[in-house]
1. Give the dimensionless ratio obtained when the Cα radius of gyration of the chain is divided by 2.2 N^0.38 Å.
2. Please enumerate, by chain and number, the aspartates and glutamates with C-alpha under 20 Å from the C-alpha of residue 75, excluding those fewer than 8 residues away in the same chain.
3. Residues with beta-carbon under 10 Å from that of residue 219, excluding residue 219: net charge, scoring Lys, Arg +1 and Asp, Glu -1?
4. Order the following by accessible area, largest value first: 133, 126. Probe radius 1.4 Å; ligands, DNA and RNA are ignored.
5. For the chain, what is the mean residue ellipticity at 222 nm derived from helices alone (per DSSP H run of n ≥ 4: -39500 (n - 2.57); sum divided by total residues; nearest 500 deg cm²/dmol)?
6. With N set to the residue count of the stretch 33-133, report its C-alpha Rg divided by 2.2 N^0.38 Å to two decimal places.
7. Cα gyration tensor of the stretch 20-88, axes a ≥ b ≥ c as square roots of the eigenvalues: rounded (a/c below 1.5), prolate (a/b > b/c) or oblate?
8. Compute the normalised compactness of the stretch 72-114: alpha-carbon radius of gyration over 2.2 N^0.38 Å, N being the residue count.
Amino acid sequence: MKIHLLLLGDIIGRPGRRIVRDYLERLRKERPVDMVIANVENAAHGFGVTPDIAQELRGYGIHVMTSGNHIYDKKEILPVLDDMPDLLRPANYPAGAPGRGWGLYSTTGGVRVAVINLQGRVLMPWVPCPFEWVDRHLEAIQRETNLIVVDMHAEATSEKTAMGWYLNGKVTVVFGTHTHIPTADARILTGGHTAYVTDVGMNGPYDSVIGMDPQMAIQKLRTMFPKHLEVAGGPCQFAGLYVVADADTGRALSVEHILLREPYGGKS
């Protein structure tokens with residue numbers, strides 16, 4: 001039996017939510033999709049996520065939401081995060097951090113998929129080692145299911161690639177998020193049947209600085225003033241990784257990097 005997974009990169013503010021809504025509906029008409037997993041840590045005005053926005057994204061057909069270093073940016077999420085099993089924060093956060101870092105989820109066909117959210121440490125706020133977290137917990141997760149998806153939320157391409165090879169043959173997919181720029185290395189890693197991409201890319205305005213207004217970003221970088229950034233306007237891109245896997249073995253059978261861009265004159 002085959003299972004079809006669609007993994008979406010960072011959703012950037014209202015424009016990102018809109019492009020996901022529109023293109024996800026289109027993709028479902030074109031191909032089978034058994035589970036949608038999306039990184040939502042930038043879904044609220046570019047920084048964090050709120051309970052209302054999480055509910056909006058569920059309505060678009062997103063089954064599991066991952067995140068990263070911006071998960072706690074909106075104070076509204078903190079009191080309810082422990083009660084939202086489909087919204088993950090990085091699993092390798094210190095003990096006592098609100099929320100959970102991985103979960104088991106079922107498709108409509110009853111196939112169980114484990115989703116793990118990890119955060120890197122290179123050029124990122126300090127967190128405990130993601131590799132050590134894997135060493136402590138992966139074996140127990142493998143006893144629950146062979147279908148395992150990992151969102152590796154990290155800045156350094158080297159760290160994400162290292163995690164891909166570290167998990168090669170142990171999980172179904174490792175997809176990178178956080179840097180918002182899609183990389184051209186989607187593939188099944190040699191010898192292990194694990195699908196991998198260093199960064200799937202963002203869902204949001206592509207005439208931007210990683211989703212933000214270019215002039216505001218330039219001014220902040222030139223002056224070093226603590227300037228608040230705003231999500232850019234203009235046409236958007238839709239970025240996802242489409243993986244077909246064997247539901248029994250958990251092995252990836254095929255991988256496709258989907259990158260769709262609206263023409264100029266599209267909505268913003």
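1. On the way: Rg = 17.3 Å, N = 268, 2.2 N^0.38 = 18.4 Å.
Compared with the compact-globule rule of thumb, the chain sits at 0.94.
2. Leaving aside aspartates and glutamates fewer than 8 places away in the same chain, those within reach of residue 75 are 10, 41, 52, 56, 83, 86, 230.
3. Once positives and negatives cancel, what remains is +2.
4. Details: 133 20, 126 180 Å².
If we order 133, 126 from most to least accessible, we get 126, 133.
5. Computed ellipticity for the chain at 222 nm equals -7000 deg cm²/dmol.
6. Working: Rg = 13.4 Å, N = 101, 2.2 N^0.38 = 12.7 Å.
Working it through for the stretch 33-133, the quotient is 1.05.
7. Prolate, because a/c is 1.5 or more and a/b exceeds b/c.
8. Details: Rg = 12.2 Å, N = 43, 2.2 N^0.38 = 9.2 Å.
Computed over Cα atoms of the stretch 72-114, the ratio equals 1.33.
The values are calculated or read from the model by the stated rules, or taken from the named source; none is laboratory data. Only a predicted model underlies this, so the values are computations on that prediction, with no experimental measurement involved. Neighbour counts are summed over all protein chains in view; Cβ atoms, including those assigned to glycine, are modelled from backbone coordinates with ideal geometry. Surface areas here come from the heavy atoms of the whole protein model, side chains and all, with no ligands, DNA or RNA. Shrake-Rupley method; radii C 1.70, N 1.55, O 1.52, S 1.80 Å.
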